[in-house]
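This report concerns only the one structure given below.
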Amino acid sequence: MTSAPDDGLLLRIRGLKIEGQTEEGWAEIVHGVDLDLKRGEVLGLIGESGAGKSTIGLAAMGFARDGCRLSAGTIEFDGRELREASAGTTRELRGNRIAYVAQSAAAAFNPAHRLIDQYSEAPVQHGVMGRAEAESDAISLFERLHLPDPETIGFRYPHQVSGGQLQRAMTAMAMSCRPDLIIFDEPTTALDVTTQIEVLAAIRDAVEQFGTAAIYITHDLAVVAQMADRIMVLRHGLLVEEGETRDLLAEPQEEYTRDLLEVRSFQVKERPRPVGETPVLEVRGVTAGYGKTMILHDVSFQIHRQRTVAVVGESGSGKSTVARVITGLLPIREGSVLYKGEPMPGRFTQRNKDQLRRLQMIYQMADTALNPKQRVRDVIGRPLEFYLGLTGAKKRERLRALLDMIEMEPDEYIDRLPGELSGGQKQRICIARALAAEPEVILCDEVTSALDPLVAEEILKLLDRLQNEFSLSYMFITHDLATVRAIADEVVVMHRGKVVESGPRTEMFKPPHHDYTDLLLSSVPEMDPDWLDHLLAEREEMAKQGRVLKAADN
Amino acid sequence: MATAAQNSLRLLGRSPWSARFGMLIILIYVVTALGAPLIAPYGETEIVGIEYEPWSEVYPLGTDNLGRDMLSRIIYGARNTVGVAFATTMLAFLIGSIAGLLAATLRGWADQLLSRIVDVMMAIPPLVFALLILTIVGTNLINMILVIAVLDSTRVFRLTRAVAMNVVVMDYVEAARLRGEGLWWIMSREILPNISAPLAAEFGLRFCFVFLTISALSFLGLGLQPPTADWGSMVRDNATLISYGDITPVIPAAAIALLTVAINFVVDWFLHETSGLKE
């Protein structure tokens, strides 16, 4: 094994170009990127989807996904060229000296094997240690990563462990051979904010402890600010800006970086609840669930005209179930849903066309909410035809007006299929489809959580504009408190199927709170690089006083 | 923006040799079937010579057990056998896909009822079942088409139900339901377009099996009835020639085999293209 050539550089990438296969042949997606990583350094790669950050991260292992190829440049890991290295060389390095942590641990673990079996595979294969040794090592690593019951958790199957724990188990697995470099590909993106904290703290702690170098890939600048020593901002396969974390956050040089930093500065002025007006939609004492297990317990809140109510809570809190009850997909056991004071039939099949029309829904994943075989004109045209009976020239006219409203050029987009649109554009089409029905209430289920921050902000601005134009009421289901801060008039906090707290936005963001609200609020990452340290210190202090704020699965 | 025609042309341009070969063969069969009266030198049931005449300039493939021209009968056989198989497969798909879509969309008891009926039907070997029913209801063309179509629709039902289940859970189907759309709209506009690729591939394969079933039934004397020219019964009628080293009876059998292979080539390629796999 050759030693590092100079100045402790572990990874040195020069002029890396990566091509992806398309219908028309190979197209370049990364256009010559240089990257240096010192031993023990944590480098953050940040950018929107399609920026090439994951592809570059994998290339650091000398790996290209199916349909991709590393077409030019050099990747030197510890003095060894990886781009054209033989399969034998890379096999020896991967898992042993370079490890990878995927975004979705649930999908990356084999559900048929226990965690410990999957953990020991790499060290035993690489001959680093024997099976018994690997097992005892696993327990100490699990402990270091703050997993509950480190002695026994390894003997469970992936589905018996929560998402946040699984992500930490995966980090432990990556560390099993004490690699020189770990690549973290959005390890916390799929997690709740409350869980994210624990995972971030655990990862950072472990990386520091073993002096491991890391490449941390994410689209969330606030997260990377906590983790990285240095940040590289990528866009369209090119480097935009690079710098030490603190310098970059304090003085961004490029406009794109500034935009990323300023995202979430958008804020709607809070409107007070109108007095003496019947709410457009009211959920009154609703208890509902599947079979015998009740998911919602006595849930009540009101949505007034032209107001936005945000329903927040972590996954499993029942916030999406509330939407299913309101739309009539899930029958109510007790209580009722009232529209302008009148109770609505419990099942959507019992509601008439007009009741269905007034209540529209926008989904989290625009990908699955649009029929891939229907063109934009059909997607938006159908509600016009179905609810309003528009046909021919009238329908065409309205269609174009709707596309104008969502700021999409009618001539260019009217004949496209969903597959020919970007994520943000798809979500706009979903908004237009809801709008076409001329509704009064729109349920927005995590509508921005699958989008890049800059795109998400545009969508929020659009929704706000439409709200004022058409006096719409929104129910905004989200786990992202930044979204709440931007757009909500009132906030309803849900936890385990119950409403924990509710009230106007400004009040909700002011202490004191219910423990759970506090946990939720304090868990939203901030751009300040010291935020995580302060938060952890603060929580420790509070724990000493007997008030423990911790995510449910810890 | 590329139109659908341009797209399919481009797709065709990238097709492998096997698929092109398959398409060429299928094209030849279709032309032969449609233009049989123009191509065939003699009539379908016309007795033109003595029995079992050898290959000659007058009778390129000799004559059959009744003195009818073999070549002409093979050409007409394309029309009859392929035509009947096509009609049967269409009917099987009509029944199977509608039932499958209903089961997937309605779920609950409708799904249970349809699925259990299909289970029972699939439990009996299809050829034996077909023979049994045909001996009861009598062997004529309509009965045969109906029986084979119903028996084969069970497989179509299974496939349609399975692939439709994956689509039914999509948000856009939920959105259509919440819009108040009827059952037919959801089935035909929201689900069917998204499962048409596997169904089309299955159509090719199912066609082969139907074709083989018809030939087998004809060979057993329960399929297409004489004097209609049909490849299956032609093999049976002239089978004795094999004993004398004459390969003529093998030709209709080879025609069946070739079409089956050709269709499978095309289906393979089509499946590969629509599955979205890159190499």
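Read-outs throughout are calculated quantities, based only on the coordinates presented, and are distinct from any laboratory measurement. Predicted, not measured: the structure shown is a model, and the values here were computed from it. Positions of Cβ are generated from backbone atoms using ideal geometry, with glycine treated the same way; all protein chains shown enter the neighbour counts.
Could you tell me the center-to-center distance, by alpha carbons, between segment B:221-279 and segment A:451-482 in angstrom?
62 Å
Amide H to amide H under 5 Å from A:I295: which residues, 5+ apart in sequence or cross-chain, H placed 1.01 Å off N in plane?
A:A288, A:G289, A:Y290
In whole angstrom, note down how far apart the Cα centers of segment B:8-85 and segment A:271-295 are.
With segment B:8-85 and segment A:271-295 each reduced to a Cα centre, they are spaced 72 Å.
Magnitude of the Cβ-charge dipole of segment B:66-274, K/R +1 and D/E -1, about the Cα centre, nearest 20 debye? Show your work: numbers first, answer last.
On the way: 13 positive and 14 negative charges, 62 e Å.
My answer is approximately 300 debye.
From the backbone phi of segment A:409-423, what are the Karplus-calculated ³J(HN,Hα) couplings (6.51 cos²θ - 1.76 cosθ + 1.60, θ = phi - 60°) in whole Hz, Gly and Pro given as x?
Coupling constants for segment A:409-423: 5, x, 4, 6, 9, 4, 9, 7, 8, x, x, 9, 10, 7, x Hz.
Once fully extended, how much extra length lies between A:Q209 and A:S471, figured as 0.36 nm per residue of separation less the alpha-carbon to alpha-carbon distance?
Values: separation 262, 0.36 × 262 = 94.32 nm, distance 5.51 nm.
Stretched out fully, the A:Q209 to A:S471 stretch lengthens by 88.8 nm.
Note down the magnitude of the dipole of segment A:299-448 about its Cα centre, charges +1 on Lys and Arg C-beta and -1 on Asp and Glu C-beta and zero elsewhere, to the nearest 20 debye.
Computed about the Cα centre, the dipole is about 520 debye.
Rounded to the nearest 10 degrees, what's the angle between the helix A:453-470 long axis and the longest principal axis of chain A, both from Cα atoms, 0 to 90?
0 degrees
In Å, what Rg and Dmax follow from the Cα atoms of the protein assembly as shown?
Both quantities, over Cα of the protein assembly as shown: 33.3, 111 Å.
Hey, if you put +1 on the Cβ of every Lys and Arg and -1 on every Asp and Glu Cβ in segment B:66-274, which of B:L94, B:L258, B:W269 ends up farthest toward the positive end of that dipole?
Working it through, the farthest residue towards the positive pole turns out to be B:L94.
Using only the alpha-carbon atoms, how far is helix A:392-405 inclined from the longest principal axis of chain A? Give it as 0 to 90 degrees, nearest 10.
Value to nearest ten degrees: 50.
Please compute the net charge surrounding A:F476, taking Lys and Arg as +1 and Asp and Glu as -1 over other residues with Cβ under 12 Å from its Cβ. Each step should come with its number before you reach the end.
Details: positive: A:R307, A:K319, A:R485, A:R505; negative: A:D445, A:E446, A:D464, A:D480, A:D489, A:E490.
Local net charge: -2.
In nm, to one decimal, how far is the modelled label at A:E133 from the one at A:R347, with both set 7 Å along Cα→Cβ?
6.5 nm
If you take the alpha carbon radius of gyration of segment B:66-274 and divide it by 2.2 N^0.38 Å, what ratio comes out, to two decimals?
Ratio of Cα Rg to 2.2 N^0.38 Å: 1.19.
Full extension from A:R156 to A:T506: what is 0.36 nm times the residue separation minus their Cα-Cα distance, to one decimal in nm?
Answer, rounded to one decimal: 121.6 nm.
With each pseudo-label sitting 7 Å past Cα toward Cβ, what's the B:L12-A:E397 distance in nm, one decimal?
Distance between label points: 4.2 nm.
Of the DSSP beta bridges with both residues in the protein assembly as shown, give the percent that are antiparallel, rounding to the nearest 5. Provide the component values of the computation, followed by the final result.
Working: 50 of 87 bridges.
In the protein assembly as shown, approximately 55 percent of DSSP beta bridges are antiparallel ones.
Would you tally the net charge around B:Y172, using a Cβ to Cβ cut-off of less than 15 Å, leaving B:Y172 out, and scoring K and R as +1, D and E as -1? Working shown, then result.
Working: positive: A:K373, A:R375, A:R382, A:K426, A:R433, B:R177, B:R179, B:R189; negative: A:D367, A:D378, A:D445, B:D171, B:E174, B:E181, B:E190.
It works out to a net charge of +1.
Any idea what angle helix B:126-137 forms with the longest principal axis of chain B, computed on alpha-carbon atoms, 0 to 90 degrees, nearest 10?
Result, in degrees: 70.
Can you grab the distance from the C-alpha centre of segment A:139-208 to the C-alpha centre of segment A:322-391, Å, no decimals?
Here the answer is 41 Å between Cα centres.
Tell me, what is the percent relative contact order of segment B:66-274, built from C-alpha pairs under 8 Å that lie six or more residues apart?
27 percent
Just need the relative contact order of chain A here, percent rounded to a whole number, with Cα pairs under 8 Å and 6+ apart. Working shown, then result.
Values: 1056 pairs, mean separation 83.1, N = 554.
The normalised contact order for chain A reaches 15 percent.
Please report, in whole Å³, the volume per residue of the convex hull around the C-alpha atoms of segment B:166-217.
Numbers: hull volume 4.3 nm³, N = 52.
Dividing the Cα hull volume of segment B:166-217 by its residues yields 82 Å³.
For chain B, set up a Gaussian network in which alpha carbons nearer than 10 Å are linked by springs, and say which option among B:A239, B:A262, B:A149 fluctuates the most.
B:A239
Given a Förster distance of 56 angstrom, what is the FRET efficiency for B:S243 paired with B:I117, based on the Cβ-Cβ distance and rounded to 0.05? Write down the numbers at each step before the final one.
On the way: r = 46 Å, r/R0 = 0.82.
My answer for the efficiency is 0.75.
To check my understanding: the extent here is largest minus smallest coordinate of the Cα atoms along each principal axis. What are those three numbers for segment A:439-554, in Å, largest first?
Its Cα atoms span 51, 32, 26 Å along the three principal axes.
Of A:L384, A:V441, A:L402, which is farthest towards the positive pole of segment A:379-446's charge dipole, taken about the Cα centre with +1 and -1 on the beta-carbons of Lys, Arg and Asp, Glu respectively?
A:L384
Each label point is 7 Å from the Cα along the Cα-to-Cβ direction; what then is the distance between the points at B:A216 and A:D354, in nm?
Placing both labels 7 Å beyond Cα along the Cβ direction yields 6.1 nm.
Roughly how big is chain A's charge dipole about its Cα centre, with Cβ charges of +1 (Lys, Arg) and -1 (Asp, Glu), in debye to the nearest 20?
Taking the Cα centre of chain A as origin, the dipole is about 2520 debye.
Among A:I29, A:V101, A:G57, pick out the residue whose Cα is farthest towards the positive end of the charge dipole of segment A:23-126, where Lys and Arg carry +1 and Asp and Glu carry -1 on C-beta, about the Cα centre.
Going by the Cα projections, it comes out as A:V101.
What list do you get for B:S153, B:S188 if you sort them by fewest beta carbons within 10 Å? Intermediate values should be presented prior to the final figure.
Numbers: B:S153 25, B:S188 13.
Least crowded to most crowded, the residues run B:S188, B:S153.
Got a sec? Which residues in segment A:477-518 would a label at A:Q545 touch, if it sits 7 Å along Cα→Cβ and we count backbone N under 20 Å?
What the label zone holds, given the 20 Å backbone N cut-off, is A:508-518.
Please give the FRET efficiency for A:E538 paired with A:Y290, using the beta carbon to beta carbon distance and R0 = 30 Å, rounded to the nearest 0.05.
On the way: r = 39 Å, r/R0 = 1.29.
Calculated value: 0.20.
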